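Here is the structure we will look at.
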There are 2 protein chains.
Amino acid sequence: MLSDEGMDLIFREARTHKGWQDTPVSDTLLQSIWDLCKMGPTSANCSPMRVVFVKSQEAKERLKPALMEGNVTKTMQAPATAIIAHDLEFHEKLPELFQQADARSWFEGKPKFIEETAFRNGSMQGAYFIIAARALGLDCGPMSGFSKEKVDAEFFPEGTWKSNFLCNVGYGDPSKLPPRDRRLTFDEACWIA
Amino acid sequence: MLSDEGMDLIFREARTHKGWQDTPVSDTLLQSIWDLCKMGPTSANCSPMRVVFVKSQEAKERLKPALMEGNVTKTMQAPATAIIAHDLEFHEKLPELFQQADARSWFEGKPKFIEETAFRNGSMQGAYFIIAARALGLDCGPMSGFSKEKVDAEFFPEGTWKSNFLCNVGYGDPSKLPPRDRRLTFDEACWIA
């Protein structure tokens, strides 16, 4: 079982940050997020998530026109912004990634099933990404407020990778946090049958 | 930063289990999964995930006809099977859940945007669910191999909750595990811009 401090770090005390300390994040640390979050489970190990870490000033300027106005300042300030995307050709790697069955054949010629599987499992991997970053002592600021069309045209012109959400990564400034919103209780969201 | 043991528990050593030890899981422990995973971030705190814990023999029999053949034995054996679902009326709770803006109005009358937001954030919450269960010392067996139509008709006849994936929960039997499949490397799935 995880320690209380561990549960606080990845769930209970962690917050979505909007203000960032002026502390850089090394490429090695960004790679460590991947090396941890890649271990989270996906259906038939399909692993559709792809990530672009937007870090240089030049790359941030390419991202900027796609951002909703309320997301511009915090994203330009963050040490890195991860574009959480998924690959609509993920199934081409299944012969290497899944040994138990010919899983590629489940997807070939089924674009709707491919899209649904990529979106579900890519979103789950995006959640693993957030937890992994927190586990490494980083803070996250995930966002849906941007133009997927503009990001895809700018960063994925070949058309097989699709952006899902953005996630600022760095060391948050707790003084910029709003009060915490409440969560649904067990009885509001669950039942035992 | 999380300890090495913590990273092993939630990511590096955890496995998707197919065989289950004959050890029950209490209702209190199932509620503890919720109390931890509910803290994970969602867009505007929209929190669309809903969970039914299928635990009684009677409820398992109701679930059985919806399962793909390869998922029947392990699911009937598991101490509990969580139906990870999402509520297509999640936005009705936003006036309570998000204080910073009138977020309900972003969704009203936009069924496609509702569905996309529920699917993305519900899948992310499903991933938090898996990590939270592991943090509490449990093992998980998430599955997509079932008929969503049959599960929805049987468990959600009112039509606003939609099943997303299933997740067996309990204490896994390590002797039933297949060899671990490889993951994509950083260079196969990511770049730094």
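Tabulated values for the structure
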read-out	value
Single unsatisfied condition, A:GLN100 versus (1) out of contact with any Phe, Trp or Tyr (no Cβ under 8 Å at 6 or more places or on another chain); (2) outside any helix (DSSP H, G or I); (3) more than 9 Å from chain B (Cβ to nearest Cβ)	(3)
Any hit, region B:71-81, residues being touching a strand residue (DSSP E or B) at 6+ places or on another chain (Cβ under 9 Å), outside any loop (DSSP other than H, G, I, E, B) and among the basic types (Lys, Arg)	yes
A:PHE165 touching a residue at least 60 places away in the same chain (Cβ under 8 Å) and more than 10 Å from every other protein chain (Cβ to nearest Cβ)	no
All positions within region A:162-174 that are part of a strand (DSSP E or B) and within 17 Å of A:MET76 (Cα to Cα)	A:PHE165, A:LEU166, A:CYS167, A:ASN168, A:VAL169, A:GLY170, A:GLY172
Filter result (open to solvent by 40 Å² or more (accessible area, probe 1.4 Å), closer than 26 Å to B:GLY172 by Cα and part of a helix (DSSP H, G or I)) within region B:131-161	B:LYS148
Residues located in region A:42-67, provided they are in contact (Cβ under 8 Å) with a residue 24 or more places away in the chain and not in a helix (DSSP H, G or I)	A:THR42, A:CYS46, A:SER47, A:PRO48, A:MET49, A:ARG50, A:VAL51, A:VAL52, A:PHE53, A:VAL54, A:LYS55, A:LEU67
Test for A:PRO79: is it open to solvent by 30 Å² or more (accessible area, probe 1.4 Å) and either in contact (Cβ under 8 Å) with a residue 40 or more places away in the chain or more than 17 Å from the chain's Cα centre (by Cα) (or both)	no
Count of region B:103-126 residues which are farther than 30 Å from A:THR42 by Cβ and not in a helix (DSSP H, G or I)	2
Output for region B:1-34, where each listed residue is more than 7 Å from chain A (Cβ to nearest Cβ), open to solvent by 10 Å² or more (accessible area, probe 1.4 Å) and assigned to a helix (DSSP H, G or I)	B:ASP4, B:GLU5, B:ASP8, B:THR28, B:LEU29, B:SER32
Residue count for region A:35-68, restricted to those that are among the small types (Gly, Ala, Ser) and open to solvent by 30 Å² or more (accessible area, probe 1.4 Å)	2
Of all residues in region B:175-193 being part of a loop (DSSP other than H, G, I, E, B) and facing another protein chain (nearest Cβ under 8 Å), the one that is farthest from A:ASN45 (Cα to Cα)	B:ALA193
Residue within region A:137-146 that is farther than 30 Å from B:GLY6 by Cβ and either of a type in the set (A, V, I, L, M) or within 12 Å of chain B (Cβ to nearest Cβ) (or both) present	yes
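The values are calculated or read from the model by the stated rules, or taken from the named source; none is laboratory data. All of these numbers come straight from a predicted model, not from anything done at the bench. Every residue, glycine among them, receives a Cβ derived from its backbone with ideal geometry; neighbour counts consider all protein chains shown. What goes into the accessible areas is simple: the full protein's heavy atoms, side chains included, and nothing from ligands, DNA or RNA. Shrake-Rupley method; radii C 1.70, N 1.55, O 1.52, S 1.80 Å.
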